[in-house]
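Please read the structure below before turning to the comments.
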Amino acid sequence: MQPAGTRLPTEARRAEIVAAAVRLAQERSPAAITTTDLASAVGLSQGALFKHFPSKEAVWLAVMAWVAEHLLRSLDEAAQQAATPLDALRSVFDAHVEFVVTFPGVPRLIFHELQQPLDSPVKRQTRDLLQGYRQLLLRLLQAAVQRGDVPADLDAPAAATLFVGIVQGLVMQSMLGGQISTMRVEAPRIFHLYLRGIRPLP
């Protein structure tokens, strides 16, 4: 955080506010984070905060855009570096786990938005993020089918749903236990079970 009163370019200040929102979400529900909290976290007055974002929702829109950009990019890069589609699935799984360990506030943000009863721009953006993730998984699963690494009749949409579900379950369990870093230890065993579920029987 910059010292109070430090003048930063607009984009740099917006990025600082987004980072503060992600950081604060590690400690409390996004619903409990106020614009006063955000302003204080970056050494601004509440009025100065609104010069960069017109509303609290605008902050969360920027946060979710940041999450989508950085998470999907890390998953794409992990997939591209793998030799086979199944190796790519494992790399994507590991990259997602590492992203959550690095930014543990992100799952709180996503779960919070998806639980909201009413639609909103932030909720739609969250759904778009998950849809982009799902499309990546479907491409990898279909490539695995074409290579013969998994059965030709594999239900790829169901396999993609299961993949996301096991990551979310792993995240929830680690959050409940209060030790998000345990995901790194549990991830290999859980992914091994996933592979056993989609590979052809011996």
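Quick note: the coordinates plus some simple rules give every number you see, no bench work behind them. Model, not experiment: these values are computed from the prediction. Note that each Cβ is placed from the backbone with ideal geometry, even for glycine, and that neighbours are counted across all protein chains shown.
Among 14, 189, 90, which one moves the most in a GNM of the chain with springs linking Cα atoms closer than 10 Å?
Maximum fluctuation in the GNM of the chain, among the listed residues, is at 189.
Tell me what the chain gives for mean residue ellipticity at 222 nm when only DSSP H runs of n ≥ 4 count, each as -39,500 (n - 2.57), the sum divided by the residue total, rounded to 500 deg cm²/dmol.
Mean residue ellipticity, 222 nm, calculated: -24500 deg cm²/dmol.
What dipole magnitude, in Debye to the nearest 20, does the stretch 56-198 give about its Cα centre under +1 on Lys/Arg Cβ and -1 on Asp/Glu Cβ?
Its charge dipole is roughly 160 debye.
Take each complete run of DSSP H in the chain, measure how far its Cα atoms stretch along the helix's own axis, and keep only those covering 20 Å or more with mean Kyte-Doolittle hydropathy at least -0.5; list them.
Flagged H segments are 10-24, 56-80, 85-102, 121-147, 156-177, 182-198.
Could you grab the relative contact order for the chain? Cα pairs under 8 Å, six or more apart, rounded to a whole percent.
Normalised by residue count, the contact order of the chain is 20 percent.
Name the residue from 185, 9, 129 whose Cα lies farthest towards the positive end of the charge dipole of the chain, charges +1 on Cβ of Lys and Arg and -1 on Cβ of Asp and Glu.
9
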